[in-house]
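> Okay, handing you the structure first.
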Amino acid sequence: MSFILKYKDTHEEKEIPKENYTIQDLLDELELSAQTMVSKQNGELVIEDTVINDGDEIQLVQIIYGG
């Protein structure tokens, strides 16, 4: 079982390492903070508790702060 990860210049297929693998698990694995990222699953905004399913496309977008 796998999913597609889109993050910055990355567009790769990744294996789902365990059952009930969530967006938060992915962020932890990539050492990214949920507070600075927006997550999309198949084009829809999702929360970190969302489970990643086989064939999903997960896009991570960095939030840019400015003033």
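Just so it is clear, none of the values below were taken in a lab; they were calculated from the coordinates. Keep in mind the model is a prediction, meaning the values are calculated, not measured. Here the Cβ is made from the backbone with ideal geometry for all residues, glycine too, and neighbour counts use every protein chain on show.
> Which residues, counting only those in the stretch 35-50, are outside any loop (DSSP other than H, G, I, E, B) and over 10 Å from the mean Cα position of the chain (by Cα)?
Selection gives Q35, T36, E44, L45.
> Based on this model, can you work out whether E19 counts as exposed (fewer than 11 other Cβ atoms within 10 Å of the Cβ) and free of Cβ contacts under 8 Å to residues at least 40 places away in the same chain?
Yes.
> Return the total of residues in the stretch 1-23 being in contact with a strand residue (DSSP E or B) (Cβ under 9 Å, 6 or more places away or on another chain) and farther than 18 Å from G55 by Cα.
1
> Still on this model: Looking only at the stretch 3-21, which residues are of a type outside the set (F, W, Y) and either part of a strand (DSSP E or B) or within 18 Å of E44 (Cα to Cα) (or both)? First the steps, then the outcome.
Step one: of the stretch 3-21, the residues of a type outside the set (F, W, Y) are 4-6, 8-20.
Correct list: I4, L5, K6, K8, T10, H11, E12, E13, K14, E15.
> Going through the stretch 1-14 one residue at a time, which ones are surrounded by 10 or more Cβ atoms within 10 Å (Cβ to Cβ), touching a residue at least 12 places away in the same chain (Cβ under 8 Å) and not aromatic (F, W, Y)?
Matches in the stretch 1-14: M1, S2, I4, L5, K6, K14.
> To continue, here is another question. So which residues in the stretch 51-67 are in a strand (DSSP E or B) and either on the phi > 0 side of the Ramachandran plot or of a type outside the set (A, V, I, L, M) (or both), if there are any at all?
The answer is E57, Q59, Q62.
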